[in-house]
1. Obtain the nm distance between the two label points defined at Glu84 and Glu38 by a simple spin-label model: each point lies 7 Å from its Cα along the Cα-to-C-beta direction.
2. For the chain, calculate the relative contact order in percent as a whole number, restricting contacts to Cα pairs under 8 Å that are 6 or more residues apart.
3. Under 10 Å, Cα contacts only: if you run a Gaussian network model on the chain, which one of Ile65, Ile23, Ile14 comes out with the highest mean-square fluctuation?
4. Probe of 1.4 angstrom, ligands and nucleic acids ignored: what's the accessible area per residue over the chain, in square angstrom?
5. Between helix 57-85 and the chain, what is the angle of the helix's C-alpha long axis to the longest principal axis, kept within 0 to 90° and rounded to the nearest 10?
6. For the chain, what does the helix formula give at 222 nm: sum of -39500 (n - 2.57) over DSSP H segments with n ≥ 4, over the residue count, nearest 500 deg cm²/dmol?
7. Once the Cα gyration tensor of the chain is found, what semi-axes does its equivalent ellipsoid get, as square roots of 5 times the eigenvalues, in whole Å, sorted largest first?
8. Counting only protein heavy atoms and using a 1.4 Å probe, what share of the accessible area of the chain belongs to carbon plus sulfur, as a whole percent?
Amino acid sequence: LAVAVIIGAAFNKIVSSLVADIITPLISLALGKVDFTELNVILRPETEELAALTLNYGTFIQTIIDFLIIGLTIFIIVKIAICEIN
C-alpha cells in the first residue's frame, strides 16, 4: 500500500506538470489567456479597510481540467492493463 501511495504521488506530479506545462498553454492559446488561475470577477473592490472580494473561477476551471486529464490517464492505464491480462 505504501508503494502505491508513493507511486500515486509521483504520478500526480507528472500529470500536474503535463497539465500546467503542455495542455494549459495549448488551450490558453485558443482563449488568449496564459494562466486560467488569474481569471476572476471582482465582487467587491478593495478599499482602505477591506481587501477585495473576488470570485476565482479560473482556479475552478484549472482544477476541472486537471481532474479530467487525471481520470482519462488512469482510464487508459487500466484499459491497457486489462487488455494485457486477457
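The values are calculated or read from the model by the stated rules, or taken from the named source; none is laboratory data. Everything quoted here is computed from the prediction, not taken from an experiment. Note: ideal-geometry Cβ built from the backbone for every residue, glycine included; neighbour counts use all protein chains shown. In case anyone asks, the SASA skips ligands and DNA or RNA and just uses the protein heavy atoms, side chains included. Shrake-Rupley method; radii C 1.70, N 1.55, O 1.52, S 1.80 Å.
1. Here the answer is 4.2 nm between the modelled labels.
2. Values: 59 pairs, mean separation 19.6, N = 86.
Computed over the chain, the figure is 23 percent.
3. In the Gaussian network model the winner is Ile14.
4. Details: 6910 Å² over 86 residues.
Heavy-atom accessible area per residue stands at 80 Å².
5. Around 0 degrees separate the two axes.
6. Working: 3 runs with 54 residues, N = 86.
So the helix-based figure for the chain works out to -21500 deg cm²/dmol.
7. Details: eigenvalues 259, 53, 21 Å².
Sorted largest first and rounded, they come to 36, 16, 10 Å.
8. Numbers: 4960 of 6910 Å².
The nonpolar share, carbon plus sulfur, comes to 72 percent.
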